[in-house]
Amino acid sequence: MDDIVIFGILRGALFALAAFGFSLVLGVVGIVNFAHGVLVVFGGLLTHYLVAQVGLPYLIGLALAAAATGLLAGAMQRAFIAKTFRLHPLMVLVQTFGIAIVITELGIRFWGTEERLLRVDTGLPPVIEIGGKFIPTFDVLVFLVGLASAGALFAILNYTQFGRAVRACRDNRDSAQLCSIDIGRTFEKTMVVAGVWAGLAGGLFISLSPMAPYMHFHWTVDAFLVVILGGLGSMVGALLGGLFYGVLNFAAYYHLPTLAPAVIFAVLIALLLIRPQGLFGFGAAVRK
Amino acid sequence: MHDDVLLKVDGLSKNYGGVFAVRGVSFELRRGEVLGLIGPNGAGKSTLFNLVSGIVPPSDGTIHLEGKPLHRLRPNEVCARGAARTFQSASLLSGMTVWENVHVASLFRPRERQGDMSAEECTNRALALCDLTHAARQPAERLTVSEQKRVEIARALATNPLLIMTDEVLAGLNPAEGEEVLRILRQINGEGISIIFVEHDVRAVVRLCHRVVVLAQGAKLSEGPPDEVVRDPAVIEVYLGSRYASRH
Amino acid sequence: MGRFLKACRDLRDGSPHRQALAMALFGVALCAVPLFANDYWVRLLVFIFVNIALASSWNVIGGVTGYPSFGHSVFFGLGAYTAAIVMVRYELPMAMAMVAGGVVAAAFSLLFLPVFRQKGFYFALSTLAALLAVETLVHKWEFTRGFKSWDMGWTVPSPLSLDASYVLFVGLLCSTVISVIYLLRSKTGFALHALHKDEVLASSIGIPTARYKAIAFAASAVWPGVIGAAFAPFMTYISTESMFDVTITLNMILISIFGGIGTVLGPILGGIVLSVIDQIAWGNFLEYHRLIYGLLIVLIITYKPGGIVSWLWDLEQRLNRTAETPTPRGPVTANESGRHATIALRTEGGTGHAR
C-alpha cells in the first residue's frame with residue numbers, strides 16, 4: 001500500500017506537469033486543447049530521439065525537446081486556433097481533435113508506432129533508501145525535477161510581466177484588454193508555455209515508462225482528469241490533483257490492471273456527480 | 001391596494017470572494033403590482049436579477065414565491081414556478097423566426113398553468129399582446145431594437161408566468177418606442193401579471209410602477225411609492241451627488 | 001441549377017413529412033441497385049450507408065445540440081459486441097441482437113447524466129475517456145473478449161445474403177435519417193436548438209437543459225447501437241481494434257462537418273462526397289487515410305465551418321437572388337435545421353397574415 005502511494009506520488013508530479021499547461025490554456029485561452037496529449041508524447045519521443053539517436057546528454061535533450069514542443073504549441077495556436085477560438089468553443093474542440101490526429105499521424109510517419117523507452121545513466125546508485133523503503137533513484141530524481149519545474153512555472157506566473165498578463169487574461173479578459181494587454185500574443189505565449197511544460201513531462205516520463213504515438217489521447221484524458229480532481233483554474237490544485245491522480249492511476253493499474261481505465265472513468269463520473277469543483281477546488285462549481 | 005405577497009426576498013446576499021455584490025436585500029412584490037428596481041451603476045441590480053431568476057446561487061438569504069422557496073432552484077425550475085425574465089443583450093435565437101422564438105417558451109410552459117390553450121394559441125396570444133403579430137414570420141436577425149425587446153417580453157409571457165422581471169427593457173429605445181413598451185407592460189399587468197421593472201430611466205419607473213425599491217452599493221437604500229422615493233434625499237444624493245440633495 | 005436548388009430549399013423549409021417521404025423514396029430507389037451492380041459496389045455502398053447513418057446520429061448530439069462526442073464509436077462498438085454475444089454465445093436471432101444493441105447503447109449513454117450538469121467540455125472529454133475505458137474493458141474481460149477464452153474477437157455468421165443485408169442497411173439508413181428529421185422538428189428539437197445557442201437562456205424559459213441533453217445523447221446513441229449490431233454479422237469477424245477504432249468517430253465528425261454540421265442534409269452530402277474522395281484516394285493514399293481526414297477536419301473548421309450545405313445555400317441565394325431568409329450566420333448556430341418560418345403556418349386564427 002505504501003509502495004503504491006510512494007510510486008504514485010512520484011509519477012504524479014509528471015501528471016501535474018502535463019496538466020498545468022492544459023489548465024492554463026483552458027483558463028486563459030478558454031479552450032480545451034485536445035491536442036495537449038500530443039504535446040506530451042511529442043516531447044517524450046523527441047527527447048528519446050535526441051538522446052538515443054543524436055547522442056545528446058539527457059538534460060540537454062530534455063530541454064531542447066521541451067522548447068521544441070513549446071514552439072509546436074505556439075504554431076498550433078497561431079496557425080489554427082487563433083482563427084477559430086471565437087466560434088462556439090466546442091467547434092474549437094473538434095478542430096484541436098483534428099490537429100491531434102494530424103500531428104500524431106505525421107509522428108507515426110517519422111517514429112513508427114512502436115513504444116520507446118529511454119534508459120538514462122545517472123551514475124548514481126540504482127536505489128536509494130528513504131524511510132526504510134528502497135526506491136529507484138531515477139524515479140526520485142524525476143520527481144524532484146518535476147517539482148522544480150512546477151516551482152519555476154509558479155514563479156513565472158506570479159513574478160513576471162508575462163505571468164501577470166496571463167493571470168489577467170484568465171481572470172477577466174475584457175478588463176485585460178482595456179489595460180492594453182495584447183490578448184493574441186498572450187494566448188500564443190500561454191500556448192508556448194503549456195507546450196514547454198507538457199514536453200517536459202513527456203521527456204521525463206519516457207525515461208520511466210515506454211511511450212508511443214497512439215498514447216496521446218490517454219495523456220489528454222489524464223490531464224483532464226487531473227484538472228477536474230484539482231479544480232479548475234488552480235495551479236496548486238493541478239499539482240495536488242496530479243499527485244493524487246498519480247496514486248489513483250498507479251493503484252488502479254496495480255490492483256485491477258484489466259479494469260483500470262474503467263475504474264478511473266467511474267471515479268471521474270462519480271466525482272462530477274458528487275463534487276464537481278474538484279477535491280481541492282474552492283468555490284462553487286459553475287454550470288455552463 | 002395590493003395585499004397578497006407574491007414574491008418575498010429576505011436578506012439576500014451575494015458574495016464574490018469577499019466583495020458583496022448584493023448585501024442583505026429584502027423586499028416584497030405583491031400580487032398584481034409593478035415594482036420598480038432602480039439604482040446607479042454597480043448597485044447590484046443585475047446580480048439581484050440573476051439571484052432571483054436562479055442563474056446565480058445566493059450566498060445568504062431566501063426568496064419565496066407564493067410561499068414556496070425559490071432560492072436554490074435552477075433557472076428552468078424558477079421559470080416553471082412562475083417567475084419569467086427578459087435578457088438585456090441580444091438573446092434571440094438566430095435562424096428562427098419571431099414566432100418560433102416565442103414558441104419555444106410556449107412549448108415548455110408548466111403544465112399547472114397551461115389551462116386550455118394549446119402551445120400555438122399561447123404563442124399567438126403572447127405575440128398579440130406585444131403587438132408583434134405582423135412580424136411573426138420574420139427571422140429574428142432582421143428585427144429592429146424595439147421589436148427585439150418586445151419579442152423578449154412575448155417570450156417571457158409565453159411561459160404563463162405569475163411575474164415577469166424586465167431587465168432594462170427600455171434601453172436603446174427612442175421615446176415613442178419606450179411609450180409603446182410601457183403601454184404593453186401596463187396591459188400585461190392589467191391581465192394580472194406582476195412585474196419587477198429594472199430600469200435606468202427613472203421617469204419611466206415613476207410612471208409605470210406602484211412601488212419602487214432603490215439599490216445602492218448592493219444594499220437597499222429606499223423603498224416606497226415612486227413620488228416619495230424620488231424625493232428621498234438619500235436617493236438623490238446617490239444619483240446626483242450631495243449638492244443636489246441639499247437643495248431639496 | 002438555380003431552380004433545382006430552390007426546390008431543395010423549399011423541401012428543407014417544408015413539412016417534415018415531405019422530407020421523410022423524399023428520404024423513403026430515395027431508399028426505395030437505392031434498393032434497386034443490387035439488381036445491376038456487382039458485389040464489390042454493393043458492399044461499398046453498405047459501408048457508405050453505415051457512415052452516413054452514424055454521422056447523422058452524431059450530428060444530433062454534436063451538431064444540433066453542440067456537444068461534440070469524441071468517443072461516439074463506443075456505441076457502435078457496444079452494438080457490435082452485443083450482437084456478437086447475443087448471437088454467438090446465446091444463439092438468439094439477429095433481430096433481437098439489433099434491439100439489444102440499441103438498448104445497450106442507450107443505457108450506456110445514460111451513464112453520462114451527471115456530466116450534463118457540468119460544462120460542455122467535461123462532456124467532450126468524458127466521451128473520449130469512455131471510449132478508451134470501454135475498449136480496454138471489452139478487450140480484457142473474458143466474457144466479452146471472444147467466444148473461447150483465448151479468442152481476440154468474435155466470429156459472427158450472418159443469416160442474410162449480401163443483397164438482403166444491403167436492403168437491411170438501406171432500411172437502417174432511412175430509419176436513422178427519418179427519425180432525425182422528426183426529432184429536429186419536435187419539441188425536443190426546439191429545446192436542443194435553444195440550448196445550443198444559449199444554455200442560460202434556454203434554462204430561463206423553462207427548458208430542463210440537463211434532461212434534454214441526456215435525451216439528445218441517448219437518441220444519438222441508439223442508432224449506432226442498432227447499426228453496430230447489424231454490422232457485426234455483416235463483417236462476420238469483429239475485434240476491438242476494428243469496432244472501437246477512433247477512426248470511426250473521426251468519420252462521423254468529419255462527414256458531419258464537411259457536409260454541414262447541424263443539418264439533416266449535411267451528413268448525407270458529406271458522406272457521399274467523402275466516399276467519392278475516399279474511393280479515388282484509396283489506392284494511392286491508404287496509409288495517409290487518417291492524416292487526410294484529420295487535415296480535412298482542421299481545414300474545414302478553420303476556413304468553411306458551415307460545410308458543403310452552407311456553400312450550397314449561398315449558391316442558391318446568389319442564383320435566385322433571394323433576400324428573404326438570411327444566410328446562415330456563423331458556423332454552428334445550427335441555422336439549417338430546416339425550421340425557417342414554416343411552423344408558423346400552423347396557427348389558428350390568431351395571426352392571419354399572408355406572407
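Things to note:
- Any hit, segment C:65-73, residues being farther than 17 Å from residue C:184 by Cα and away from every other protein chain (no Cβ under 11 Å): yes
- Residues of segment C:87-126 that are closer than 15 Å to residue C:72 by Cα and in a loop (DSSP other than H, G, I, E, B): C:111, C:112.
- Residue in segment A:26-40 that is farthest from residue C:295 (Cα to Cα), counting only those that are β-branched (Val, Ile, Thr) and in a loop (DSSP other than H, G, I, E, B): A:29
Results for (1) out of contact with any Pro (no Cβ under 9 Å at 6 or more places or on another chain); (2) within 30 Å of residue C:290 (Cα to Cα); (3) part of a helix (DSSP H, G or I); (4) at pLDDT 85 or above, shown as yes or no for each residue.
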residue	(1), (2), (3), (4)
A:87	no, yes, no, no
A:100	yes, yes, yes, yes
A:134	yes, no, no, no
A:146	yes, no, yes, no
A:158	yes, no, yes, no
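- Set side by side, the residues C:70, C:26 differ, and just one is assigned to a loop (DSSP other than H, G, I, E, B), among the hydrophobic types (A, V, I, L, M, F, W, C) and in contact (Cβ under 8 Å) with a residue 24 or more places away in the chain, which is C:70.
- Among residues of segment A:75-101 that are without any contact (Cβ under 8 Å) to a residue 12 or more places away in the chain, those with a beta-carbon under 7 Å from a residue that is polar (S, T, N, Q) at least six positions away or on a different chain give the pairs A:83/C:302; A:84/A:95; A:84/C:302; A:91/A:84.
- Qualifying residue in segment B:109-118 (condition: surrounded by fewer than 18 Cβ atoms within 10 Å (Cβ to Cβ), more than 7 Å from every other protein chain (Cβ to nearest Cβ), in contact (Cβ under 8 Å) with a residue 60 or more places away in the chain and farther than 24 Å from residue C:64 by Cα): no
- Test: residue in segment A:236-248 that is within 13 Å of chain C (Cβ to nearest Cβ) and at pLDDT below 85: no
- Of all residues in segment B:119-137 being at the interface with chain C (Cβ under 7 Å from one of its Cβ atoms) and in a helix (DSSP H, G or I), the one that is surrounded by the most Cβ atoms within 10 Å (Cβ to Cβ): B:124
- Screening residue B:140 with (1) facing chain C (nearest Cβ under 8 Å); (2) on the phi < 0 side of the Ramachandran plot; (3) among the small types (Gly, Ala, Ser) gives one miss only, at (1).
- Residue in segment C:106-122 that is farther than 27 Å from residue C:236 by Cβ, touching a Gly at 6+ places or on another chain (Cβ under 9 Å) and facing another protein chain (nearest Cβ under 10 Å) present: yes
- Unique residue being touching a strand residue (DSSP E or B) at 6+ places or on another chain (Cβ under 8 Å), of a type outside the set (Phe, Trp, Tyr), in contact (Cβ under 8 Å) with a residue 12 or more places away in the chain and surrounded by 24 or more Cβ atoms within 10 Å (Cβ to Cβ) when the list is A:12, A:44: A:44
- Hits in segment B:33-55 - residues which are within 14 Å of residue B:83 (Cβ to Cβ) and within 14 Å of chain C (Cβ to nearest Cβ): B:49, B:50, B:51, B:52, B:53, B:54, B:55
- Applying the set (1) buried (at least 21 other Cβ atoms within 10 Å of the Cβ); (2) of a type in the set (Ser, Thr, Tyr); (3) at pLDDT below 90 to residue B:144 leaves exactly one unmet item: (1).
- Residue check, residue C:257 within 13 Å of chain A (Cβ to nearest Cβ) and assigned to a helix (DSSP H, G or I): yes
- Those residues of segment C:127-153 which are within 7 Å of chain A (Cβ to nearest Cβ) and either closer than 21 Å to residue C:67 by Cβ or in a helix (DSSP H, G or I) (or both), in sequence order: C:128, C:129, C:130, C:132, C:133, C:136, C:137, C:140
- When each of A:73, A:79, A:68, A:100 is tested for being within 17 Å of the chain's Cα centre (by Cα) and within 12 Å of chain C (Cβ to nearest Cβ), the lone residue that passes is A:100.
- None of C:220, C:242 is part of a helix (DSSP H, G or I), under 20 Å from residue C:158 (Cβ atoms) and of a type in the set (Ser, Thr, Tyr) except C:242.
- None of A:52, A:82, A:75, A:67 is among the aliphatic types (A, V, I, L, M), surrounded by fewer than 18 Cβ atoms within 10 Å (Cβ to Cβ) and within 18 Å of residue A:145 (Cβ to Cβ) except A:67.
- Residue within segment C:24-34 that is crowded, with 16+ Cβ neighbours inside 10 Å and more than 18 Å from residue C:176 (Cβ to Cβ) present: yes
- Index of the failed condition, residue C:85 passing every other in (1) at the interface with chain A (Cβ under 8 Å from one of its Cβ atoms); (2) surrounded by 14 or more Cβ atoms within 10 Å (Cβ to Cβ): (1)
- Scanning segment B:217-238 for residues that are within 18 Å of residue B:23 (Cα to Cα) and under 18 Å from the mean Cα position of the chain (by Cα) turns up B:218, B:220, B:223.
- When each of C:127, C:136, C:155 is tested for being over 23 Å from residue A:263 (Cα atoms), of a type in the set (S, T, N, Q) and at pLDDT below 90, the lone residue that passes is C:155.
The values are calculated or read from the model by the stated rules, or taken from the named source; none is laboratory data. Worth saying up front: this structure is predicted, and the values here are computed from it rather than measured. Here the Cβ is made from the backbone with ideal geometry for all residues, glycine too, and neighbour counts use every protein chain on show.
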